[in-house]
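Enquirer: Structure provided below as C-alpha cells; questions to follow.
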Amino acid sequence: MNLSPLPGISQDTACDCLIKAKSGYCSDPAALTDCHSTCTQVIHEVSCGQPPSAPNTELTVKNTSYGDTANYTCTQGYTYDEGDMILTCGSQGSWVGVLMSCIKVDCKQPPTVPNTDVTVNKTSYGDTANYSCIHGYAYEKGDTTLTCGWNGTWTGVLLSCTRVSCGKPPNATNASVNTTGTLYGDTATYTCLPGYTVVHGDKFLKCDASGDWVGAPRHLSKSFLWEATQRNQR
C-alpha cells in the first residue's frame, strides 16, 4: 500500500488518513489505497446521531462523531442499577455499550419514634411515612409525615408525643384526695374526712385519654357526724 503523501501533506497526515479510513471514517475504506486527495475531500466522519435516552437519567454529550462519548448520570432521587455510564460512538455509526438504568433511592424502614404508630407502604424516593400518637398520648412537636429524600434518608423532624394531662382532679365535699399523678393512666383516690360517710360516687377516678378524670367523685353527708355528736350529748 502506497503511503506517500500528496504534495503539501506531511507523512504523518497521510498515515493518519489511512488509519482513519480503516477505522470507519470512509464510506468505502477498501477503495482507499493512499491519500490521493486531501483528508477533507476523501474522508467523511461517521456520525452516530443523538444517543439513546435512558429513563431517570441525565445525558451529557458534546459531539456525536466516531470516538465521541455520551455520559449518563442518574437524576435526583435515583441511583445506579446496571449498564454503562458512558457510551461511545462506534465505527459503524452506532453507540457502543449497554444503556444504563437507574432505580429509585430506597430509604429503608423509617425510624422508630416512642409513643407513636407509623404507617408506611413504600420506602422509595418520594414515599411518605405517617406517624400518629398512640392512645393516651398527645402531639407535642415535630412532623406527622416524613418523606424519603433523594439521598436515601427520611426528611423531616421526628414527631414527639407526651402523655395526656387531666390536670388537677375535681374536689369532693368533705373528702381528701390523693393522686398517683395527673397524666393518662394515673388515679385519684378519695377518702371521707373523719365523721363523714359516703352518699354516692366512686372512690377512684382515672385520668382518661380524653384528658378527663373518669368516674363520679364522692359526695359525703354530714348526717353521720351529726348523729354521732348527738349521741355524745345525751
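Just so it is clear, none of the values below were taken in a lab; they were calculated from the coordinates. Since the structure is predicted, the reported quantities are computational estimates derived from the model, not experimental observations. Reconstructed Cβ throughout: ideal geometry from the backbone, glycine too, with neighbour counts over all protein chains shown.
Enquirer: Which value, to two decimals, describes the C-alpha radius of gyration of segment 57-104 once divided by 2.2 N^0.38 Å?
Expert: 1.19
Enquirer: Could I ask something else about it? List the relative contact order of segment 83-206 as a percent without decimals, with contacts defined as Cα pairs under 8 Å and 6+ residues apart.
Expert: Relative CO of segment 83-206 lands at 15 percent.
Enquirer: I need 187, 145 ordered by Cβ neighbour count within 10 Å, fewest first.
Expert: 145, 187
Enquirer: Count charges around residue 119 for me, please; just the other residues with Cβ under 15 Å from its Cβ, Lys/Arg as +1, Asp/Glu as -1.
Expert: With Lys, Arg at +1 and Asp, Glu at -1, the neighbours total -2.
Enquirer: Let me ask something additional. I need 96, 198 ordered by Cβ neighbour count within 10 Å, fewest first. Walk me through the intermediate numbers first.
Expert: Values: 96 14, 198 17.
In increasing order of surrounding Cβ atoms, one gets 96, 198.
Enquirer: Using a 10 Å cut-off around each Cβ, can you sort 100, 85 from fewest to most neighbouring Cβ atoms?
Expert: Arranged by neighbour count, lowest to highest, 100, 85 become 85, 100.
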